[in-house]
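Q: Please see the structure below; I have some questions.
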Amino acid sequence: IPLLLEENDFCNCLKENFPQLKTRCLRRVEWCKIRRLLGKPRRCSSAFFREEREALEIRRNKIRLLQKRKVSELQGFKELPDEIPEHLVIGTKVTARLRRPQEGLFTGTVDAFDTVSNSYRISFDSPELGTHSIPDYEVLSNEHQETVPLSAFQQCYRTGSANMFSPPKFIPSHGSINPELVCVKK
């Protein structure tokens, strides 16, 4: 959905706080009352930017978990895009943001991926820049990047969870845990 065609924050707040409200034809006094109940938006405040950065980092971590295939449930993943990008392959041509020794966007090649720090080791095309470790969110592929539909992760975990548990095995030397299953001969 294009950004400008999405519902705005005010419509989302109306749906959340006033689900019984069916009409949009209200008088000015009624709209003022609703705005007063919703409170003042905190756009461009330090608290607003902090909350937005935290929400962005949570989304990034969810995508990283999906990329590593370390998710057992997809319940809290509804706000993610429909297509999840794969990690960049070694040898991929990229553009990366470099902050030191020189600020700017520079082209280079992926040498390695560090799963602990979520960064790529990039060898830059310009020899004076050398090789640097760059966070994954500051690296953009110059080539077509493979993506996986979010629904594929859901299907993967549904089929995998059915075979996750095996039935309990009976070990004769240990006896049965359930006393009803114990066979006593007289």
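Q: At 0.36 nm per residue, minus the direct Cα-Cα distance, what do Lys93 and Lys70 gain on full extension? Give it in nm, one decimal, please. Let's see the in-between values first.
A: Values: separation 23, 0.36 × 23 = 8.28 nm, distance 2.70 nm.
Full extension from Lys93 to Lys70 adds 5.6 nm.
Q: Still on this model: By average Cβ neighbour count within 10 Å, what is the ranking of 49-57, 107-115 from highest down?
A: Details: 49-57: 10.9, 107-115: 16.0.
Going by the mean number of other Cβ atoms within 10 Å, highest first, we get 107-115, 49-57.
Q: Can I ask one more? If each of Lys33 and Arg100 carries a label point 7 Å out from its Cα toward its Cβ, how far apart are those two points in nm?
A: A separation of 5.9 nm, rounded to one decimal place.
Q: Now, a different point. Along Cα→Cβ, 7 Å out, is where each label goes; now give me the distance between the ones at Cys11 and Ala152 in nm to one decimal.
A: 3.1 nm
Q: Work out, step by step, the length gained on full extension between Asp82 and Arg42: first 0.36 nm times the residue separation, then minus their alpha carbon distance; give nm to one decimal.
A: Working: separation 40, 0.36 × 40 = 14.40 nm, distance 2.92 nm.
Net length gain for the segment: 11.5 nm.
Q: Let me check I've understood the local charge: for Asp136, count other residues with C-beta under 11 angstrom from its C-beta, Lys and Arg +1, Asp and Glu -1. What total comes out? Walk me through the numbers on the way to the answer.
A: Working: positive: Arg60, Arg64; negative: Asp114, Glu138.
Summing Lys and Arg as +1 and Asp and Glu as -1 gives 0.
Q: Hey, another quick one. Could you grab the Rg to Rh ratio for segment 87-145? Cα atoms only, Kirkwood for Rh.
A: Numbers: Rg = 10.2 Å, Rh = 11.1 Å.
That ratio is 0.92, to two decimals.
Q: As an exercise, use a Förster radius of 22 Å and the Cβ-Cβ distance of Asp114 and Leu140 to find the FRET efficiency, rounded to the nearest 0.05. Don't jump to the answer; show the numbers that get you there.
A: Numbers: r = 18 Å, r/R0 = 0.81.
E(calc), rounded to 0.05, equals 0.80.
Each reported figure results from applying straightforward, stated rules to the coordinates on display, with no laboratory input. Source: prediction; values computed, not measured. For neighbour counting, all protein chains shown are included, and Cβ atoms are generated from backbone atoms with ideal geometry for every residue, glycine included.
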